[in-house]
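Right, one structure below, let's go through it.
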Amino acid sequence: MKTQKPLLYSDYSNAYDDIKWAMTSLSGEFEAVHLLGGGYISDRWPDNLLLPMVAEWLAKQKGARLFATGAGIFVSNFPLMFDVASSFQAFDYISVRDTISLQTLSQIGVKAVSEPDDVVLCLPPGPSHGGNGVALNVQLDQFSADEYARLSMRIAEQFAAENSKIFALDLYPSVDTAFAKIATSSFADVEFISIETVLDAIINENWDQQFWGVGNRAVGSRYHFHYVWSWLGSTGSFVSADQYYSVKHSEVTSIGSKWGRHPNVGAIPSINRMTLMDQKNREFRLLYGSGT
């Protein structure tokens with residue numbers, strides 16, 4: 001990850017071109033093609049349904065094993081799943097992170113197992129100690145313009161009177177930036193936190209950042225915001241506009257985040273971190289042998 005930081009932090013269109021180049025220039029031998037985690041296999045982004053087909057093709061070209069782990073699969077138009085059924089059936093191993101994904105694959109004749117989200121592999125074994133503020137993240141693409149404006153103002157009004165330190169999280173440039181700008185204009189003490197800052201902290205295992213951990217509250221719409229901030233000990237509430245995100249957030253509450261649906265603030269998280277980490281490490285040893 002450290003060697004790839006220039007790619008991760010480059011302009012997104014340039015990064016996409018680099019990734020396309022890497023895919024078309026693969027040479028030599030490799031042992032596995034592995035789709036890591038994510039809720040990206042969804043007809044919200046129909047092009048992404050091609051990913052299992054591409055993975056199958058690559059594996060066959062190289063005689064490699066074919067894995068998917070921690071997957072989140074969600075389609076509103078279920079018949080589309082039959083278009084990719086044969087590709088999923090070609091996988092040697094599939095694990096999913098929620099029961100909806102498990103049921104979806106079962107309905108097209110694909111066997112999968114339940115395992116935690118892959119993000120567990122890069123998180124610490126216990127909560128961290130942050131500041132005493134509020135971490136906020138609301139994405140624009142979940143809501144209509146009117147809904148987004150109303151929600152943003154409600155959240156701003158909720159915390160403006162408290163004089164708390166506000167951390168405005170921009171976890172997806174352009175999609176989250178609008179709320180970060182609203183926060184900057186609504187609060188006296190606000191700090192803008194970029195995706196680069198968050199990734200640097202994770203890559204360098206900086207778990208005592210002021211913007212996450214015990215002592216902070218959090219309100220956010222993103223699934224991994226909910227996952228990571230609750231894992232590190234922040235109390236909070238999640239925002240969900242549709243079933244796609246409701247499934248994702250319910251998965252995190254099921255492991256013990258104890259967050260409430262906004263505006264209800266949940267209790268202190270009680271996540272059995274070591275159990276989830278052991279479970280995830282066993283899965284990767286099963287796929288790749290010794291080590292973590």
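For this structure, a couple of remarks:
- In summary, Arg282 fulfils each of the numbered conditions (1) under 16 Å from the mean Cα position of the chain (by Cα); (2) open to solvent by 30 Å² or more (accessible area, probe 1.4 Å); (3) farther than 30 Å from Asp189 by Cα with the single exception of condition (1).
- Those residues of the stretch 129-151 which are within 19 Å of the chain's Cα centre (by Cα) and of a type in the set (Gly, Ala, Ser), in sequence order: Ala135
- For the stretch 212-232, a residue qualifies if it is open to solvent by 10 Å² or more (accessible area, probe 1.4 Å) and part of a loop (DSSP other than H, G, I, E, B), and the qualifying residues are Gly215, Arg222.
- All conditions but one from (1) closer than 20 Å to Gly233 by Cβ; (2) assigned by the TED database to the domain that holds His224; (3) touching a residue at least 40 places away in the same chain (Cβ under 8 Å) apply to Thr253; the one that does not is (3).
- Selection count, the stretch 169-201, where residues are open to solvent by 10 Å² or more (accessible area, probe 1.4 Å), assigned to a loop (DSSP other than H, G, I, E, B) and within 14 Å of Asn137 (Cα to Cα): 5
The values are calculated or read from the model by the stated rules, or taken from the named source; none is laboratory data. From a predicted model like this one, the values you see are computed outputs, not experimental measurements. Note that each Cβ is placed from the backbone with ideal geometry, even for glycine, and that neighbours are counted across all protein chains shown. Only protein heavy atoms, including side chains, enter the accessible area calculation; ligands, DNA and RNA are left aside. Shrake-Rupley method; radii C 1.70, N 1.55, O 1.52, S 1.80 Å.
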